[in-house]
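Comments concern the structure below.
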Amino acid sequence: MKENRQNNKRIAIFGAFETEVSPTVKSIALYLKDQNMWVEILVYSTTNIGRNIQLNGIPIIELKPQAWRNLLNAIRSMPQNIVGKIVRHIYARIDKAIFNPIATRIALNRLRKRLNNYELIIAGEWYGLNDLYALGYPLSRVIYLSLEAEDQMSCSSIEKHYINELLSKCAFLIIQSEERRNGLTKYLGRDFNFEYLPVSLIPVQNKPRSIKKEEKINLIYSGYIHEYSYLKEFIAASLSSINNLVIQGQATGCEKYLSEIISSTKSHHNISIINNYMDDSQHAAFLSQFDVGLALYKKMSDSSNWQGLLFSSGKIAAYLWSGLAVMTNIDHPLTKQAPFIYLPEFTPENISGALKKFDEQKDIYRSAALETARKYYNADLYLNKIKSRIDSILC
């Protein structure tokens, strides 16, 4: 930590919502720290996962008062009964009118006091950029990091010309894919100076498990347990085809969906659910125990945030670096060949046929996974160029 602070290039990554859990943010932070820069991550309020994240000594600083977050978590964890629902409903109204505005004002004041510490700030999403501008931080020293294309912008009442004005003042913008760039450009009515950074990982040295043809195929879904994951549909169609499926991840805000999955699988011993947090090294070692990772996506809106998901999925990057084949419904030329197992429809026949094909070519899929990870999901390849642009801003 001391070595990190000796360098005079001081950078913060700031975002209003769940910034610290983003694989892209973590990759950027770790890369810049490896380049001997002083890096901090600033968030209004950490998530339950975020409080457990360890990033090689990189501080994750929570700006909202801890008491506000503790009260919020206590209310959210109340039983899903009538009393719990009533309390949550009452609290939501009080929080919106009183608690959250006070906590946000405190957070903004804390952020204002810290701004002079940084020579450059990477602003995660629109709300992060807007707050920095409101506090008077020079946008010429801000890099705008788009994580969900136009989704957050379209949820606000801010005029597009105002968004364009602020973005045009930024040093440059970072986005995951060409599809998301096109979507954001269409939404705003103009293009900007972008650098691409697919959701990718700093290269990891991870030893995948050895697998033999006669062994059972182990499947894993690792990620947010949400309706968009198609988990219920996949499970319903695959019960007769799969030997072992593990579902690992968080379901904050989607507890009902998780309970429905638990209820539908409680009599099936080949399906298990793990709902605990793992840090990145533990997670990589955990994934290496499996053969196939599920990356199925239900389109939740017409925004570009739900297009080009092949290069915007943290789970795909994690699977590939751990040597797993990836079963996906993403329609892309790459997904029609190993290490991807393309699954356009969830039927027992499609799933069993896809797994049979994988079983016959396990070694090919394994080597293709690692090769694809190095070629397309190596964060260093993209961050080297971004780092050069950062140096030109700081010189």
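Bear in mind that the values in this text are calculations on the coordinates, not laboratory data. Only a predicted model underlies this, so the values are computations on that prediction, with no experimental measurement involved. Positions of Cβ are generated from backbone atoms using ideal geometry, with glycine treated the same way; all protein chains shown enter the neighbour counts.
Report the relative contact order of segment 218-376, percent, no decimals, based on alpha-carbon pairs under 8 angstrom and at least 6 residues apart.
On the way: 237 pairs, mean separation 38.5, N = 159.
About 24 percent, as a whole number.
Relative contact order for the chain: what percent, with Cα pairs under 8 Å and sequence separation of 6 or more?
Details: 641 pairs, mean separation 60.2, N = 395.
Computed value for the chain: 15 percent relative contact order.
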Within segment 302-366, GluC sites (Glu not before Pro) in DSSP loop having at most 13 other beta-carbon neighbours inside 10 Å: Glu345
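Kindly rank 372-382, 81-91 from highest to lowest mean number of other beta carbons found within 10 Å of each residue. Please report the intermediate quantities before stating the final value.
Details: 372-382: 18.3, 81-91: 11.7.
Peptide ranking by packing, descending: 372-382, 81-91.
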Two-site label geometry, Phe172 and Arg105: point separation in nm, points 7 Å out along Cα→Cβ: 4.1
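Express in nm, to one decimal, how much length is gained between Lys375 and Val83 on full extension, taking 0.36 nm for each residue of separation and deducting their alpha carbon distance. Provide the component values of the computation, followed by the final result.
Values: separation 292, 0.36 × 292 = 105.12 nm, distance 5.27 nm.
Working it through step by step, the gained length comes to 99.9 nm.
Can you put Cys254, Cys170, Cys395 in order, fewest other beta carbons within 10 Å first?
On the way: Cys254 18, Cys170 21, Cys395 6.
Sorted ascending by nearby Cβ count, the order is Cys395, Cys254, Cys170.
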Translational D in µm²/s for segment 285-389 (Stokes-Einstein at 10 °C, 1.306 mPa s, Kirkwood Rh from C-alpha pairs): 109
Rh by Kirkwood over Cα pairs, then Stokes-Einstein D for segment 218-376 at 1.002 mPa s and 20 °C, µm²/s: 135
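With only Lys, Arg, Asp and Glu charged, each at its Cβ (+1 for the first two, -1 for the last two), find how big the charge dipole of segment 261-343 is about the Cα centre; round to the nearest 20 debye. Don't skip to the end; give the middle numbers.
Values: 5 positive and 5 negative charges, 48 e Å.
So the dipole magnitude of segment 261-343 works out to roughly 220 debye.
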Charge dipole (the chain, unit charges on Cβ, about Cα centre) - positive-most of His89, Ala338, Ser352: His89
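If we count other beta carbons within 10 Å of each Cβ, what is the order of Phe172, Phe290, Phe311, fewest first?
Working: Phe172 16, Phe290 26, Phe311 22.
Exposure proxy ranking, most exposed first: Phe172, Phe311, Phe290.
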Selected from Ser168, Ser281, Ser45 as most flexible by GNM, with the chain as the system and alpha-carbon contacts under 10 Å: Ser281
Normalised per residue, the volume of the convex hull around the Cα set of the chain (Å³): 142
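Arranged by the count of other C-beta atoms within 10 angstrom, fewest first, what order do Thr46, Thr347 take? Write out the running numbers ahead of the final one.
Details: Thr46 22, Thr347 13.
Lowest count first: Thr347, Thr46.
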On Cα atoms only, tilt of 255-265 relative to the major axis of the chain in degrees: 10
Top of Ser322, Ser367, Ser259 by mean-square fluctuation, Gaussian network on the chain, Cα under 10 Å: Ser259
Nearest-ten-degree value, helix 379-394 long axis tilted from longest Cα axis of the chain: 10
Rounded to the nearest 20 debye, dipole of the chain from Cβ charges on Lys, Arg, Asp, Glu: 940
Distance from segment 276-345 to segment 125-154 (C-alpha centre basis), Å: 28
Charge dipole (debye, nearest 20) of segment 218-376; +1 at Cβ of Lys and Arg, -1 at Cβ of Asp and Glu: 120
Max mean-square fluctuation residue, GNM over the chain, Cα-Cα springs under 10 Å, options Val246, Val25, Val142: Val246
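Where does the chain land at 222 nm, in deg cm²/dmol rounded to the nearest 500, when only DSSP H runs of n ≥ 4 count, each adding -39500 (n - 2.57), divided by all residues?
Details: 16 runs with 170 residues, N = 395.
Counting only the DSSP helices, I get -13000 deg cm²/dmol.
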Restricting segment 214-316 to trypsin sites (Lys or Arg not before Pro) in coil, as DSSP defines it, with at most 10 other Cβ within 10 Å: Lys266
Cut-off 15 Å (backbone N to label point 7 Å along Cα→Cβ of Asn350), residues of segment 243-271: none
